[in-house]
């Protein structure tokens, strides 16, 4: 956490600016079909389970709203890459972001579960080496960084890769205290008045090229476009998160027999 704690994200023109281009992005399923399957796991987050607050940009404040959280990037593992894999991409998406910002974090109002939703990208990392199968916890974030972490320099804690921007860049565009270029991992911060639990898709893609030739600070739309026709395999693990205490998490799945 920074020594000076800025206020948590709020509904703003920046959020509205973020939503318009996100709705137009091609669905990930269109990148390549059919493709093989990777096994993706997060040791701290079993597939379909709640994400611990340690990995969240925002946490409950005990008063029905939210404050800034530890924002530590989670440990991420993958296996099963096919022959011919020459690089990996990591992409984390929340597909449950409200398509309209009118009611976001507004007292006395709720965001309907029936409102159409769009994608919000929390982490984009390209050109990871083909020998890599693991990112340790904290490799791409160890706290909230006002105005964003830099895109320049090696990503993934020095193991390689090119960092892209996440959509907090758009979220904070009109916030004088927080606006900037947000690169690397920045975790969940769904609206505290949302009737939906948000789903965070941690996806890893095995590609047939060593580099996508994207500059540091690329945008998610540029990454999706560059990956078209180059995906050999992909895998996903999903974590859940919400800040609205009135919306319960689903019961945990029973252990496998």
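Has segment 96-106 got any residue that is at positive phi and in a loop (DSSP other than H, G, I, E, B)?
Within segment 96-106, the subset at positive phi is 105.
Within this subset, residues satisfying the condition of being in a loop (DSSP other than H, G, I, E, B) are 105.
Yes: one or more hits.
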Exercise. Could you look through segment 104-124, keep only residues that are under 17 Å from residue 94 (Cα atoms) and free of Cβ contacts under 8 Å to residues at least 60 places away in the same chain, and pick out the one that is surrounded by the most Cβ atoms within 10 Å (Cβ to Cβ)?
Key: 115
Practice problem: For segment 193-238, name all the residues that are closer than 18 Å to residue 169 by Cβ and part of a loop (DSSP other than H, G, I, E, B). | Solution: 214, 215, 216, 217, 219
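Residue by residue, here is whether (1) modelled with pLDDT of 95 or more; (2) in contact with a helix residue (DSSP H, G or I) (Cβ under 9 Å, 6 or more places away or on another chain); (3) surrounded by 20 or more Cβ atoms within 10 Å (Cβ to Cβ); (4) farther than 21 Å from residue 94 by Cβ holds:
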{"site": "139", "(1), (2), (3), (4)": "no, yes, yes, no"}
{"site": "150", "(1), (2), (3), (4)": "no, no, no, yes"}
{"site": "160", "(1), (2), (3), (4)": "no, no, no, yes"}
{"site": "181", "(1), (2), (3), (4)": "yes, yes, no, no"}
{"site": "186", "(1), (2), (3), (4)": "yes, yes, yes, no"}
{"site": "203", "(1), (2), (3), (4)": "yes, yes, no, no"}
{"site": "206", "(1), (2), (3), (4)": "yes, no, yes, yes"}
Quiz item: Taking residue 139 and the conditions (1) in a strand (DSSP E or B); (2) more than 22 Å from residue 67 (Cβ to Cβ); (3) under 16 Å from the mean Cα position of the chain (by Cα), which numbered condition does it fall short on, given that it satisfies the others?
Solution: (1)
Quiz item: part of a strand (DSSP E or B), within 22 Å of residue 153 (Cβ to Cβ) and in contact with a strand residue (DSSP E or B) (Cβ under 6 Å, 6 or more places away or on another chain): does that describe residue 163?
Solution: yes
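What number of residues in segment 216-234 are farther than 25 Å from residue 151 by Cα and crowded, with 17+ Cβ neighbours inside 10 Å? Lay out the reasoning, then the answer.
First pass over segment 216-234, keeping only residues farther than 25 Å from residue 151 by Cα: 229, 232-233.
Narrowing further to those that are crowded, with 17+ Cβ neighbours inside 10 Å: 232-233.
Residues meeting the conditions: 2.
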Practice problem: Take segment 60-91 and flag every residue that is surrounded by 21 or more Cβ atoms within 10 Å (Cβ to Cβ) and in contact with a helix residue (DSSP H, G or I) (Cβ under 6 Å, 6 or more places away or on another chain). | Solution: 69, 72, 74
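The values are calculated or read from the model by the stated rules, or taken from the named source; none is laboratory data. Here the structure is a predicted model, which is why all the values come from computation and not from measurement. Note that we place each Cβ from the backbone using ideal geometry, even for glycine, and neighbour counts take in every protein chain shown.
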